[in-house]
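Enquirer: Below is one structure. I have some questions about it.
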């Protein structure tokens, strides 16, 4: 099988070349929009070059393996497909928005939104093999921000008890019927200016949204803090009970007491405990003596 490798400036090119050769194929031609990269790759591996994409197509290889940036490969892929040449596209070609660029103007961070999702593509390595980004103070905030941004949802996956959520209307403009978690049909008639239904979750569970094309659900749950069994901090408890004043006043008073005053207070307690012990012993002796006198009589 005669295989043409396109986009050989990509760092995957040597790997794909090894795959072609090890499977018994022949690397017939190599090409890249960067002519220097084409000549360098061909010289390193002893391969024939093409001067243009049209020349590759005219050579009619059995297969073209196309590498490159997702923003650059769509036009090339369309020409190859239109010419009827079998094509393997290394990664999906996507219409994406460039969020950031490198100093040379090439895309650094891209965003695509397939359906309701969000995809971010960072065109370099997150490790130190390609760049020194992991060694800079920007690295960790950058990664965290990407994860938070990619994971955000325009709609909540669940709602709190008593919270109002939106049920989008159907394509024909009507709102779907809504069943409560208990199975009753909900009679809500509050609409947004766009015609969507507003529903207030008054009982926990799954609200069934009866769209004509597909079923959907909205989850309503109680406040999760009610099920938090972690140990309550005593300082926070006192601040909540006293409004913060009692804790602040006691702390301020303790700071004003000297060590001698604190020890003096402790000595008072020791004295009171000693007196209480003496009273207990006295009461025991008197009770025993009274009992003995009665027995003698």
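What follows draws every value from the coordinates through simple rules; no lab data is involved. These figures come from a predicted structure and were not determined experimentally. When we count neighbours, we look across all protein chains shown, and the Cβ atoms used for this are built from the backbone with ideal geometry, even at glycine.
Enquirer: I need the fraction of alpha carbon pairs in region 97-151 separated by more than 16 Å, rounded to a whole percent. Display every interim value, and only then the final one.
Expert: Numbers: 711 of 1485 pairs.
Every Cα pair in region 97-151 considered, those over 16 Å come to 48 percent.
Enquirer: For each of 69, 144, count neighbouring Cβ atoms within 10 Å of the residue's Cβ, then give the residues from fewest to most.
Expert: Numbers: 69 16, 144 10.
Ordered by Cβ neighbours within 10 Å, fewest first: 144, 69.
Enquirer: Over 18 Å, how big is the tail of the calculated P(r) for region 158-224, in percent of all Cα pairs?
Expert: Working: 705 of 2211 pairs.
So the pairs more than 18 Å apart make up 32 percent of the total in region 158-224.
Enquirer: Moving on. How high is the relative contact order of region 97-151, in percent, counting Cα pairs under 8 Å that sit 6 or more residues apart?
Expert: Values: 56 pairs, mean separation 11.4, N = 55.
Relative contact order here is 21 percent.
Enquirer: For region 2-89, build the convex hull from the C-alpha positions and give me its volume per residue in Å³. If you can, show how the numbers build up before the last one.
Expert: Details: hull volume 7.1 nm³, N = 88.
About 81 Å³ per residue, rounded to a whole number.
Enquirer: Report the calculated FRET efficiency for residue 214 and residue 2 (r = Cβ-Cβ distance, R0 = 41 Å), to the nearest 0.05.
Expert: Values: r = 47 Å, r/R0 = 1.15.
It comes out at approximately 0.30.
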